[in-house]
Amino acid sequence: MASKNAPILVNFQQNRGLIYDAEDYFTLRGDHRIVGNLIGIPVSHPRNVNQQGLPAVLTCYELKLLLEIDVVRLVDKNAAFMAAPSDQQAERYLNMTQQQKEELRRPVIEKRLASFQKHLPRIIEGKRKKCIKSGHDLEAINITTEKLLQDERDRLAKEPFDILVQLPTKHPLEVDSTFLPLHLSAEETLKFRVFKALWNEGGYITVGDAFGCDFLLYPNDPLYFHASHMVHVLKDKSRRLDVKFLIRICRLAIVVNKLCVIAYLDDRCDGVVFETLEWEGNANKPDSI
């Protein structure tokens with residue numbers, strides 16, 4: 001986890017920016033309205049295919065924006081990940097896992113000791129009766145609470161328990177890394193300018209591949225809200241729009257109950273222009289951007 005003012009380190013693997021730390025992901029989502037895409041398996045429900053967990057993949061537009069506002073650093077750790085661990089690293093990891101196992105054992109032992117102490121009067125009485133039945137002198141019998149508790153603690157310390165083994169999503173050891181720049185193609189640069197303009201207006205933005213558009217615009221966190229706008233980026237604003245294309249994107253927006261937005265660059269103001277399209281008669285739609 002990054003400190004409060006330190007940039008968040010984003011791992012660049014297979015041409016994708018990945019976030020492995022939960023606190024870093026919550027910071028990006030809560031403070032900067034960057035959603036990303038969870039692609040991992042949730043630790044609490046490893047067999048649930050309907051839920052995703054860390055790591056989170058950031059799009060090139062999200063990465064570029066976060067780099068510009070100096071929130072993240074793009075790092076390459078691939079060389080360290082592919083290399084065999086040194087003896088020192090292996091020993092550190094072994095010690096770390098052993099400490100985790102002890103931390104998992106401790107509450108189990110304390111819980112069993114608490115249960116043992118709760119029934120201690122009956123246990124002592126049972127042991128006394130057993131000793132008397134065996135013919136021992138009652139006065140010679142020395143059964144104390146402290147001794148029984150210590151004996152039980154020593155027994156539990158040697159008893160094996162079923163322990164959950166942690167599989168860390170983030171690399172548990174510090175490894176060598178290098179900082180990387182991010183390069184976008186001409187088309188990605190155009191879409192990034194649209195993404196940045198939308199982000200500056202507030203709300204949350206995700207890619208719109210599932211809806212056949214470039215971006216989806218949300219009034220708040222997508223975890224709680226549906227998207228309100230579908231944004232299509234015109235790559236060549238001088239090209240005449242095809243009527244069938246307009247009908248298709250408008251009808252699609254109506255079917256999924258969203259507003260259709262066309263975005264393009266205006267050379268006169270060197271800015272992004274948004275045009276909202278509505279099917280005639282649909283006047284009760286949400287406000288356009």
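Points worth noting:
- When residue 164 is tested against (1) of a type in the set (A, V, I, L, M, F, W, C); (2) touching a residue at least 24 places away in the same chain (Cβ under 8 Å); (3) surrounded by fewer than 18 Cβ atoms within 10 Å (Cβ to Cβ); (4) touching a strand residue (DSSP E or B) at 6+ places or on another chain (Cβ under 9 Å), just one condition goes unmet, and that condition is (4).
- Top-ranked residue in the stretch 69-84 [being free of Cβ contacts under 8 Å to residues at least 40 places away in the same chain and open to solvent by 70 Å² or more (accessible area, probe 1.4 Å); ranked as farthest from the chain's Cα centre (by Cα)]: 84
- Apart from one condition, residue 218 fits all of (1) at pLDDT 95 or above; (2) over 22 Å from residue 250 (Cα atoms); (3) among the hydroxyl-bearing types (Ser, Thr, Tyr); the exception is (2).
- Candidates 172, 181, filtered to the one that is assigned to a loop (DSSP other than H, G, I, E, B), under 25 Å from the mean Cα position of the chain (by Cα) and modelled with pLDDT of 85 or more: 181
- Among the residues of the stretch 171-185, those identified as out of contact with any strand residue (DSSP E or B) (no Cβ under 8 Å at 6 or more places or on another chain) and of a type outside the set (A, V, I, L, M, F, W, C) are 171, 172, 174, 176, 183, 185.
- For the stretch 86-109, the criterion of being of a type in the set (D, E, K, R) and assigned to a loop (DSSP other than H, G, I, E, B) is met by no residue.
- The number of residues in the stretch 184-220 being assigned to a loop (DSSP other than H, G, I, E, B) and among the charged types (D, E, K, R) comes to 2.
- Residue within the stretch 24-36 that is open to solvent by 90 Å² or more (accessible area, probe 1.4 Å), under 22 Å from the mean Cα position of the chain (by Cα) and over 24 Å from residue 178 (Cα atoms) present: yes
The values are calculated or read from the model by the stated rules, or taken from the named source; none is laboratory data. Treat the numbers as computed from the prediction; the structure is a model and nothing was measured. Here Cβ is always computed from backbone atoms with ideal geometry, including for glycine, and neighbour counts include all displayed protein chains. SASA here: full protein model, heavy atoms, side chains in, ligands and nucleic acids out. Shrake-Rupley method; radii C 1.70, N 1.55, O 1.52, S 1.80 Å.
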